[in-house]
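The values are calculated or read from the model by the stated rules, or taken from the named source; none is laboratory data. Keep in mind it's a predicted model, so treat the numbers as computed, not measured. Ideal geometry is used to build each Cβ from the backbone, glycine not excepted, and the neighbour counts take in all protein chains shown. The protein model used for the area step is the full one, side chains on, heavy atoms only, and it has no ligands, DNA or RNA in it. Shrake-Rupley method; radii C 1.70, N 1.55, O 1.52, S 1.80 Å.
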Amino acid sequence: MVTAPAHSVAVVGGGQLGSRYLQGLVWCRQPVRIHLVDPDLDALSVARARWSDAGGPPSPHIVEFHSGPKTLPRDLDLAIVSTTSGVRPDAIESLSKHANIGSWVLEKVLAQSHRDLDRIMTTIGDSTPAWVNTWARTTPWFQQIRREVGTGPLVVEIKGSSWGLACNAIHFMDLFTWWTGEELLAVDGAGLDRRWPEAKRAGHYELSGQLRATFSSGTTIILRSTPPSEPGAPAGTDIIDCMTIETADDLWAVNQPFSDTSGSAIGMSGARIDGRVELQSERTGPLVDSILNTGTCELPDLVTSTGQHRLLLSSLLKARPHLEGIAHDQVPIT
């Protein structure tokens with residue numbers, strides 16, 4: 001006898017990332033009724049195909065596709081908002097007006113302005129559980145490296161060619177907040193290049209140059225990215241080469257730290273920890289099971305992440321060049 005789904009989960013935004021969330025829901029241990037929302041019919045078509053590819057149809061889960069929130073049920077146990085950052089506040093407000101949401105998972109970058117961060121915080125409020133998907137702290141490989149390296153203070157350097165500094169910096173700021181137990185104090189964008197190239201997603205921009213983040217007990221992380229290696233290539237399409245972690249008595253090199261196939265962390269002593277980061281389709285099932293079963297998860301809560309985002313946005317607004325057609329208080333990253 002097939003068990004009827006006890007929980008309802010909405011995925012708002014069915015593009016590249018949203019469809020990976022959908023695939024990951026196949027691996028939930030308990031049956032769930034899934035509602036995927038996207039106004040783009042092509043995105044819905046891709047999501048249907050990926051659901052099928054992941055083994056969705058024979059699974060115990062039920063999936064429904066919606067072009068807008070008005071056809072969703074009035075009560076949802078969990079809403080995952082995987083839209084681009086520019087429309088995320090609108091999507092959250094629209095969904096909140098329509099349905100009672102038990103808890104939220106929001107994609108990063110949370111928003112493109114302080115005003116939009118305020119909108120998100122006001123809409124969700126303090127009483128509803130909400131987390132942000134800066135997932136590095138939940139990665140078993142990073143957790144293992146942390147046990148070996150220690151908690152700091154640390155000097156960390158991340159470098160590579162066009163690795164998506166704008167959209168991925170927040171991952172590292174949260175990772176080392178968790179890693180060291182320190183508070184992020186400041187983000188300095190004075191070392192960023194003045195030219196912001198267009199990203200692979202239309203209407204958005206990427207960064208090259210250097211960001212520096214400092215923490216409450218002395219940890220520093222330096223994030224460096226060079227422009228695209230191929231002339232004319234959109235920014236943000238290459239990879240992080242290496243992350244070095246310096247402690248008082250050791251130095252570790254983490255090669256391919258965001259690789260989903262293979263990476264290695266090697267200390268001066270020769271100690272080696274091989275690992276990889278999981279795909280979003282691999283992370284989603286356990287994440288949703290944890291939230292539905294226990295009411296919590298390992299991701300940072302919305303208040304913590306919003307504080308990190310404010311420091312990042314302030315530094316980028318200060319460093320931002322003139323961008324034609326973009327409001328002066330907006331940083332068009334995603």
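Numbers for the structure displayed
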{"read-out": "Interatomic Cα distance distribution for the range 263-334, bins of 10 angstrom, percent", "value": "14, 23, 25, 30, 8, 0"}
{"read-out": "Distance-filtered residues of the range 28-46 - backbone nitrogen under 13 Å, label point 7 angstrom along residue 64 Cα→Cβ", "value": "33-37"}
{"read-out": "For the chain: accessible area per residue (Å², 1.4 Å)", "value": "43 Å²"}
{"read-out": "Residue among 165, 189, 199 farthest towards the positive dipole end of the chain, charges placed on Cβ", "value": "199"}
{"read-out": "GluC sites (Glu not before Pro) lying in DSSP loop within the range 231-326, provided at most 13 other Cβ fall within 10 Å", "value": "324"}
{"read-out": "Tilt relative to the chain, helix 280-294 - C-alpha long axis, 0 to 90 degrees, to 10", "value": "70 degrees"}
{"read-out": "Extension reserve of the residue 255-residue 239 stretch, reckoned as 0.36 nm per residue once the Cα distance is removed", "value": "4.7 nm"}
{"read-out": "Neighbour cut-off at most 11 other Cβ (10 Å), DSSP loop, trypsin sites (Lys or Arg not before Pro), the range 40-79", "value": "74"}
{"read-out": "Principal-axis tilt of helix 165-180 within the chain, Cα atoms, nearest 10 degrees", "value": "80 degrees"}
{"read-out": "The chain, dipole about Cα centre (Lys/Arg Cβ +1, Asp/Glu Cβ -1), debye to the nearest 20", "value": "340 debye"}
{"read-out": "In degrees, nearest ten, helix 16-25 long axis to first principal axis of the chain (Cα)", "value": "60 degrees"}
{"read-out": "Dimensions (Å) - the chain, Cα atoms, principal axes, largest first", "value": "59, 48, 41"}
{"read-out": "Inter-centroid distance (Cα atoms) of the range 106-136 relative to the range 184-204, Å", "value": "20 Å"}
{"read-out": "Computed label-point distance, nm, for sites residue 247 and residue 317 using a 7 Å Cα→Cβ extension", "value": "3.9 nm"}
{"read-out": "Cα-based convex hull volume of the range 190-334 per residue, rounded to whole Å³", "value": "181 Å³"}
{"read-out": "Share of carbon and sulfur in the accessible heavy-atom surface of the chain [1.4 Å probe, %]", "value": "50 percent"}
{"read-out": "About the Cα centre, charge dipole magnitude for the range 182-334 (Lys/Arg +1, Asp/Glu -1 at Cβ), debye", "value": "500 debye"}
